Ligand code: NAD
């Protein structure tokens, strides 16, 4: 028996990387998972197939987090197919490089649209649905340690993740009376397409590892395990929390 048997989850940006790791970890515990991305590609199909192989039900829904109408229909589609929504994981994100003096207005808007406005849209429709159901719910936002401490060269990214960190705390207060918990996970360096450029560069890799006391990079399943923990019924007293999963980076 899985720890999340019968639960229904949406994971945004789950065709690959951390989102895929979360989708699979939830499915392993018996959750039915809606896989999402802004495009339907091979990765999306493979993820939904891998989940089905675990014996869990899964569908793919194409929806762009920067479009409010898409996030509304993502939740509606989920409820139409699975009957309810218990867990919303806001994972979709991009990393726009640039220091404050090199970023353009377009760079800034693009970064904020996906990483912050997208979290707002998805949370809005998930909370509306969970309130309507009248049972407990879980919102899990994938922030970053860049939402807690500074990282050179990515000022818009840090600002967007700092926004997710604080949005999480505020929405937790608004939702506490409805038994909807709202938490964030703040990953350190995780091996995905987003970080492969840095990890493949010998000098950067060395420096990133030196800053990660456990001596290894994280894997998507490390974040998946943290998401399962926050999704459990037993985690109902945890809300407004930023769960750091960084191999010790911010403990130094
Ligand atoms: P990734 O690039 O491998 O995956 C990003 C995912 O987001 C993809 O599935 C992509 O399709 C999806 N996506 C992007 N724009 C979207 C949109 N507009 N609508 C819907 N989906 C969209 O990156 P990742 O490393 O797996 O990152 C996942 C999340 O984890 C991001 O929020 C990222 O900021 C965060 N994060 C990553 C790391 C890391 O080291 N990899 C560390 C901290 C936080």
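Overview of values
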quantity	calculated
Wholly within the range 1-64, strands (runs of 3 or more DSSP E) carrying at least 1 residues that are at pLDDT 95 or above and farther than 18 Å from residue 92 by Cβ	8-11, 32-37
Some residue of the range 189-199 being more than 10 Å from the ligand (Cβ to nearest atom) and either crowded, with 22+ Cβ neighbours inside 10 Å or over 26 Å from residue 108 (Cα atoms) (or both)	no
Matching residues in the range 2-29 - criterion: being without any contact (Cβ under 8 Å) to a residue 40 or more places away in the chain and at positive phi	6
Total residues in the range 1-23, condition over 11 Å from the mean Cα position of the chain (by Cα) and either closer than 19 Å to residue 80 by Cβ or surrounded by fewer than 24 Cβ atoms within 10 Å (Cβ to Cβ) (or both)	9
Unmet requirement for residue 110, which otherwise passes all of (1) near the ligand (Cβ under 10 Å from one of its atoms); (2) touching a residue at least 40 places away in the same chain (Cβ under 8 Å)	(2)
The range 219-252, residues that are at positive phi and buried (at least 17 other Cβ atoms within 10 Å of the Cβ)	247
Any hit, the range 131-140, residues being surrounded by 17 or more Cβ atoms within 10 Å (Cβ to Cβ), in a helix (DSSP H, G or I) and within 17 Å of the chain's Cα centre (by Cα)	no
Leading residue by the ranking (nearest to residue 163 (Cα to Cα)) among those in the range 80-95 that are buried (at least 17 other Cβ atoms within 10 Å of the Cβ) and away from the ligand (no atom under 14 Å from the Cβ)	87
Residue check for residue 137: over 21 Å from residue 64 (Cα atoms), in contact with a strand residue (DSSP E or B) (Cβ under 6 Å, 6 or more places away or on another chain) and more than 14 Å from the ligand (Cβ to nearest atom)	yes
Members of the range 74-107 found to be more than 20 Å from the chain's Cα centre (by Cα), outside any loop (DSSP other than H, G, I, E, B) and farther than 23 Å from residue 232 by Cα, listed by number	80, 98, 105, 106, 107
Any hit, the range 96-107, residues being within 21 Å of residue 194 (Cβ to Cβ), within 12 Å of the ligand (Cβ to nearest atom) and touching a residue at least 40 places away in the same chain (Cβ under 8 Å)	yes
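The values are calculated or read from the model by the stated rules, or taken from the named source; none is laboratory data. All figures in this text were calculated on a predicted structure; none of them were measured in a lab. Neighbour counts run over all protein chains shown; Cβ positions are idealised from the backbone, glycine included.
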